[in-house]
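The values are calculated or read from the model by the stated rules, or taken from the named source; none is laboratory data. Because the structure is a prediction, the values reported are computed rather than measured. For neighbour counting, all protein chains shown are included, and Cβ atoms are generated from backbone atoms with ideal geometry for every residue, glycine included. With ligands, DNA and RNA removed, areas are computed over all heavy atoms of the protein, side chains included. Shrake-Rupley method; radii C 1.70, N 1.55, O 1.52, S 1.80 Å.
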Amino acid sequence: MRTNVTEFILLGLTQDPEKQKIVFAVFLLFYTATLLGNLLIIVTIKTSPTLGSPMYFFLTYLSIADSCFSTATAPKLIVDNLSHKNTISFDECMTQLFAMHFFGCMEILVLILMAYDRFVAICKPLHYSVIMNQRMCRILILLAWVVAFLHSTAQIILILSVPFCGPNVIDHYFCELQPLLRLGCMDTYVLNLLIVFNSGAICSVGFLLLMISYTIILNSLRNHSGKGKRKALSTCSSHIIVVIMFFGPCIFIYTRPPTTFPLDKLVSVFYTIITPFLNPLIYTLRNAEVKNAMKMLRRKLWRNIVNSHSKQNKCPPPELLACHFTALCLSFLTYKMRTIIISTS
């Protein structure tokens, strides 16, 4: 690869200084809530003895992928709107591109594994503990990491084969493939087809597999009755909501001819910022086991704080109080979101 470009200029979501302040505040709030929400899910699952099933094992990795996927773009977007310095070095651009596709692909694969887990649990309940044993779950997650690495490496190899010799302005808020290819000093038609085949195929095939699996699952639930059916429907419906929110924008971006639209940036915001923010809320609002485990975690945390300092006749230190306050805030946010959803439904 021959390139004269050492950095790129990101135009961001807006060039208006007043709107940039709004973007900074809004996306800082979204990103902070994303990290706290996913961290709370991870800690809750790891500390709760009732959340030891494969579904929650995969949910832990989905929360990790969500946090890292959002971190690949959100901090740069937030800082750029505060500092008004919208440049990114060539190496940082390639790193961001790799991280985006690595954790994005990881999220797709984890969603497929979660669908497979529900398929086995509902359609083959007698064989569930044999098929989805701990060793198998770890092997599946390891394969997901490997496939995600191969996918993102392929994307980087493709983009590094493009020479950049002049224009360096990217009409986006992060280093995305299509805007980058438009800056290349060569015919990128074949590369665009390869990218569509790579990213587009993963999105489309993944979405198709998920829809087929959940169709089979919902069809098989007709033979179930009572509490088990309601629980399975609640779990599957939350999974389907996440799938549609994530795959819809991804398919729009990665499965079309080599062109860009003004709407692309807003669509990208939805799957890079909004979806990772909503996932913790969806999984907590629609899952009684997770909500109960969070309540137990909060009570245990406060009880440990009180017990550890009552003997010394001291007030809890500020950092422990802050930890408890964070848990209370997240619980309150979950409760308010649940109230809003119920009142609007």
Residue tally, condition closer than 26 Å to Glu92 by Cβ and of a type outside the set (Phe, Trp, Tyr), over the range 37-77: 16
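Can you go through Thr71, Thr95 and tell me which one is of a type in the set (S, T, N, Q), within 22 Å of the chain's Cα centre (by Cα) and within 22 Å of Tyr283 (Cα to Cα)?
Only one candidate passes the filter, namely Thr71.
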Run Leu51 past the list (1) farther than 22 Å from Ile274 by Cα; (2) crowded, with 23+ Cβ neighbours inside 10 Å and report the number of the one that doesn't hold. (2)
Does Pro258 satisfy the condition of being modelled with pLDDT under 75 and not β-branched (Val, Ile, Thr)? yes
Being touching a strand residue (DSSP E or B) at 6+ places or on another chain (Cβ under 7 Å) and surrounded by fewer than 16 Cβ atoms within 10 Å (Cβ to Cβ), is that true of even one residue in the range 169-184? yes
May I ask you to list the residues in the range 254-284 that are surrounded by fewer than 21 Cβ atoms within 10 Å (Cβ to Cβ) and among the aliphatic types (A, V, I, L, M)? Leu263, Leu266, Val267, Val269, Ile274, Leu281, Ile282
Residue check, Phe247 modelled with pLDDT of 80 or more and in contact with a Pro (Cβ under 7 Å, 6 or more places away or on another chain): no
Taking the range 243-274 and keeping only residues that are among the β-branched types (Val, Ile, Thr) and free of Cβ contacts under 8 Å to residues at least 60 places away in the same chain, one is left with Ile244, Ile251, Thr255, Val267
Residue satisfying condition, being of a type in the set (A, V, I, L, M), under 26 Å from Ser237 (Cβ atoms) and modelled with pLDDT under 90, within set Ile41, Ile141, Ile108: Ile41
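Looking for whichever is at negative phi, small (Gly, Ala, Ser) and free of Cβ contacts under 8 Å to residues at least 24 places away in the same chain here; the options are Gly206, Gly184, Gly200. Which one fits? Write out each step before concluding.
Working: Gly206 fails: free of Cβ contacts under 8 Å to residues at least 24 places away in the same chain; Gly200 fails: free of Cβ contacts under 8 Å to residues at least 24 places away in the same chain.
So the residue among Gly206, Gly184, Gly200 that is at negative phi, small (Gly, Ala, Ser) and free of Cβ contacts under 8 Å to residues at least 24 places away in the same chain is Gly184.
Show me the helices (runs of 4 or more DSSP H) found entirely inside the range 99-202 where at least 3 residues are more than 25 Å from Val79 (Cβ to Cβ). Give the steps one after another, and end with the answer.
Values: elements: 128-131, 134-160, 177-182, 189-195.
Passing ranges, in order: 128-131, 134-160, 189-195.
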Matching residues in the range 93-136 - criterion: being without any contact (Cβ under 8 Å) to a residue 24 or more places away in the chain and within 23 Å of Ile170 (Cα to Cα): Thr95
Kindly indicate which of Gly37, Gly52 is outside any helix (DSSP H, G or I) and either closer than 30 Å to Asn86 by Cβ or without any contact (Cβ under 8 Å) to a residue 60 or more places away in the chain (or both). Gly52
For the range 77-102, how many residues meet the condition of being within 22 Å of Ile195 (Cβ to Cβ) and open to solvent by 40 Å² or more (accessible area, probe 1.4 Å)? 4
Within the range 185-208, the residues that are loosely packed, with under 15 Cβ neighbours inside 10 Å and either in contact with a Cys (Cβ under 7 Å, 6 or more places away or on another chain) or under 17 Å from Ile244 (Cα atoms) (or both) are Ala201, Val205, Leu208
Go through Tyr283, Tyr271 for me and flag whichever is in contact with a helix residue (DSSP H, G or I) (Cβ under 7 Å, 6 or more places away or on another chain), within 22 Å of Ser199 (Cα to Cα) and at pLDDT 65 or above. Tyr271
Picked from the range 182-232 (must be charged (D, E, K, R) and at pLDDT below 85), the residue farthest from the chain's Cα centre (by Cα) is Asp187
Would a scan of the range 61-75 turn up a residue that is over 17 Å from Phe277 (Cα atoms) and part of a helix (DSSP H, G or I)? no
